[in-house]
Structures are given as C-alpha cells and as structure tokens.
Amino acid sequence: MPRRVQLEGRPIVITGGGTGIGAATALACGKAGMPVVLAGRRIEPLHNICAQLDRGIAVQIDVTVGDHAHELLDAAEQAFGPPWAVFANAGHGLDRTAHGTTVAELREIFDVNFFATHLLLSEAAKRMIEHGRGGHLLASASCVSKFAPPYHGAYAATKAAQDLFCQAMRLELAPVGIHVSTVHPVTTITKFFDVSAELSGRDSGHSSIDHTPRFLQQSPERVAAAIIKCLQRPVPEVWTSRLVRMSAALRMLRPTLMDRSMKKMLEDDRLSGG
Ligand SMILES: NC(=O)c1ccc[n+]([C@@H]2O[C@H](COP(=O)([O-])OP(=O)(O)OC[C@H]3O[C@@H](n4cnc5c(N)ncnc54)[C@H](OP(=O)(O)O)[C@@H]3O)[C@@H](O)[C@H]2O)c1
C-alpha cells in the first residue's frame, strides 16, 4: 500500500470550485488542512465557499478563455506557494442526440471539459517537474467516460478523452513522483443537470437525473470524501459506485447487455417527449 500523504499545509487548486463537487471537495480539503485556490466564472459562489475556509482564495476565471492555466497557477503560487494538487473539475453536460449535435456544440463542450483540462494539467505538470517535489493531478471525468448513455454522446466523448489523456499522463509522470487520478462519479445531486438542460434548450424539470434510480444518486460530499481518500492514498481511478464500475467493466466484454439497460432510458425519454 502506498504511504499515506499528510494533506495538512499542501495547497490545492480546484476549478469549478464554487458549486457542486468542486465546492464539496474544497470544503473537505479545507477540513484536512489544505490551503485552497478556487476558480470559476462567477465570483459570488467562490466567495461563499472561501468564507467557510481557513485558507482559501477565489480566482475568477473562464477556463476556455486565454491562458487560464498560467494565470491560475501563478495566483496559487503567490498565495500559498506551489500547489501540491490540481483538480480540473470545471465542466458541463449537453442533452442532445449524437446525430443532432452540431460541430459548434462539440467544439464548445470539448473546450470546457477537455481542452481546459489539458491546458491546466499540462502546465501544472511542467511546474511540478521543475519544482521536483512531486504532486497530484486530478480530473473530474465521470462514470460515462467508460460508456455513453443516449442523449449524452458529446458529453461522454469529452469525459472519455479526459480519461485516456490522464491514463497516459499517469504513466509518464509516475517516475517523477506525480500522481494522476481520474474521478468517475455517478449521478451526483448538483446544479449540473439544470445547467445541462439550460444549455441544451430543454426544460430543467425534464432532466436526465429523473431517469436515474435513487440508489444511483449521491451527494457531492460523498464524491469529495472519495477524493480526499485518493489524495491521501493515490489511486488511478476514484469510483463512488462499485455496481456502476462493474457494469462499465462488463460493458467492455458484453456491449449488448449495457445497450439493453440503456434502452429503458431512451423509451422513458420518448414517452415524456424528449
Ligand atoms: N453531477 C454529476 O452527476 C456528475 C457526474 C459525473 C461527473 N461530473 C463532473 O463533475 C464536474 C463538476 O460538476 P458538478 O456536478 O459539480 O456541477 P456544477 O455544480 O454545475 O459545477 C460545474 C462547475 O464548473 C464551473 N464552470 C463551468 N464552466 C466553466 C468555465 N468555462 N470556466 C470556469 N469554470 C466553469 C461552474 O462555475 P461557473 O458557472 O461559476 O463558471 C461550476 O462551479 C463536471 O466536470 C462534471 O462533468 C458531474
């Protein structure tokens, strides 16, 4: 078993840190004694979380604009010294058939979910290599990085891209003591589904969360607790549902089985006019 990392005093940067999984992770990291740098487009939610932290700063940034990675990492270094951990978590979904997704929509969602992750984690990796003290890079992927539900093809593609990119990074950076982990939450009760619905021009009351059985829904605090465990004892992938993880593995061997269970989601959506 790898040695337990003492988190006290080790700074972490979290994008999308003002709400949902990012905010819950920020608070859990703060509790563990980590100075926290929060980033997002809206300053108010960032300030709300900062107010609950002993050591936290808010950086208002759009991860798709300019070189957000330099700006954010510079701000972190100035406030707390070189970050130990960087969590690329900002992201959103899109409720759209694969054939109905436009190239412009694909580019936009890849910009936020994938290219911004690449930019931030690559720049963080270069700085960590230079400092020579190791570190931990994390990306908020999803369980759907391993399989695509209907109406979420574009979103799943961005998460699969994140997952594969991080797999390679993990192997490349292990020799210099930098851990790389992907986080694979199942349905987590956050604003994610409302934002997705809004971006997709759909009624938020008709959200994909409605198709998820209760036992597969979880709180952002549950994801945050799993992330803290991973920061303490790094693992390649953080999962919060053994059942979904096993289903993802089974899908590799028997794709038709997963397709059958997903069909129900499609039928429900048709019945409700989606
Ligand atoms: N909820 C789920 O079921 C679930 C499951 C698996 C994976 N995930 C992943 O978990 C991550 C966090 O999602 P969440 O569930 O916590 O939803 P959320 O509360 O909507 O969080 C998304 C965060 O990303 C930030 N963000 C979005 N676009 C941004 C941009 N261009 N620049 C900077 N920040 C941006 C948002 O802040 P601003 O709007 O203020 O910028 C917000 O704080 C996402 O990557 C999502 O794909 C979620």
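Check off (1) surrounded by 24 or more Cβ atoms within 10 Å (Cβ to Cβ); (2) touching a Pro at 6+ places or on another chain (Cβ under 6 Å) for PHE80 and give me the number that stays unchecked.
Here PHE80 meets the rest and fails (1).
May I ask you to list the residues in the range 87-107 that are touching a residue at least 40 places away in the same chain (Cβ under 8 Å), open to solvent by 30 Å² or more (accessible area, probe 1.4 Å) and more than 8 Å from the ligand (Cβ to nearest atom)? Show your work before the answer.
Keep residues of the range 87-107 that are touching a residue at least 40 places away in the same chain (Cβ under 8 Å), which gives 87-98, 101, 105-106.
When the remaining residues are screened for being open to solvent by 30 Å² or more (accessible area, probe 1.4 Å), the result is 91, 96-98, 105-106.
Result: ARG96, THR97, ALA98, GLU105, LEU106.
Select from the range 1-15 the residues that are at pLDDT 95 or above and either more than 10 Å from the ligand (Cβ to nearest atom) or open to solvent by 20 Å² or more (accessible area, probe 1.4 Å) (or both) and list them in ascending order. Let's see the steps before the verdict.
Step one: of the range 1-15, the residues at pLDDT 95 or above are 5-15.
Within the range 1-15, VAL5, GLN6, LEU7, GLU8, GLY9, ARG10, PRO11, ILE12, VAL13 qualify.
I'd like to know if the range 29-45 contains one or more residues that are in contact (Cβ under 8 Å) with a residue 60 or more places away in the chain, within 22 Å of GLY135 (Cα to Cα) and surrounded by fewer than 24 Cβ atoms within 10 Å (Cβ to Cβ).
Checking the range 29-45: at least one residue is in contact (Cβ under 8 Å) with a residue 60 or more places away in the chain, within 22 Å of GLY135 (Cα to Cα) and surrounded by fewer than 24 Cβ atoms within 10 Å (Cβ to Cβ).
So VAL195 passes all but one of these: (1) within 13 Å of the ligand (Cβ to nearest atom); (2) within 21 Å of ILE227 (Cα to Cα); (3) of a type in the set (Val, Ile, Thr). Which condition number does it fail?
Evaluating VAL195 over (1) within 13 Å of the ligand (Cβ to nearest atom); (2) within 21 Å of ILE227 (Cα to Cα); (3) of a type in the set (Val, Ile, Thr) leaves (2) as the failure.
Could you say whether any residue in the range 130-141 is in a helix (DSSP H, G or I) and away from the ligand (no atom under 11 Å from the Cβ)?
Among the residues of the range 130-141, at least one is in a helix (DSSP H, G or I) and away from the ligand (no atom under 11 Å from the Cβ), which makes the answer yes.
Open to solvent by 20 Å² or more (accessible area, probe 1.4 Å) and either within 30 Å of GLY33 (Cα to Cα) or within 13 Å of the ligand (Cβ to nearest atom) (or both): which single residue out of ALA154, ALA174 fits that description? Walk me through how you get there before you give the answer.
Working: ALA154 fails: open to solvent by 20 Å² or more (accessible area, probe 1.4 Å).
Only one candidate passes the filter, namely ALA174.
Is there any pair with a first residue in the range 69-86 that is in contact (Cβ under 8 Å) with a residue 40 or more places away in the chain and a second that is open to solvent by 20 Å² or more (accessible area, probe 1.4 Å) and assigned to a helix (DSSP H, G or I) whose Cβ atoms are under 7 Å apart and which are 6 or more apart or on different chains, and what are they?
ALA69/LEU119; ALA69/GLU123; HIS70/GLU123; LEU73/GLU123; LEU73/ARG127; PRO82/ARG127; PRO82/HIS131
Tally up the residues in the range 239-261 that are touching a strand residue (DSSP E or B) at 6+ places or on another chain (Cβ under 9 Å), in contact (Cβ under 8 Å) with a residue 60 or more places away in the chain and open to solvent by less than 50 Å² (accessible area, probe 1.4 Å), please. Even if it seems obvious, please write down each step before you answer.
Keep residues of the range 239-261 that are touching a strand residue (DSSP E or B) at 6+ places or on another chain (Cβ under 9 Å), which gives 239-241, 244-245, 248.
Restricting the remaining residues to those that are in contact (Cβ under 8 Å) with a residue 60 or more places away in the chain gives 239, 241, 244-245, 248.
Right, trim to open to solvent by less than 50 Å² (accessible area, probe 1.4 Å) and you get 239, 241, 244, 248.
The total comes to 4.
Yes or no: the range 218-239 includes at least one residue that is at pLDDT below 95 and of a type outside the set (Gly, Ala, Ser). Let's see the steps before the verdict.
Within the range 218-239, the subset at pLDDT below 95 is none.
No, that holds for no residue.
The values are calculated or read from the model by the stated rules, or taken from the named source; none is laboratory data. None of the values given here were measured: they were computed from a predicted structure. No Cβ is skipped: glycine too gets one built from the backbone with ideal geometry, and neighbour counts run over all protein chains shown. Keep in mind that these areas ignore ligands, DNA and RNA; they rest on the heavy atoms of the full protein, side chains included. Shrake-Rupley method; radii C 1.70, N 1.55, O 1.52, S 1.80 Å.
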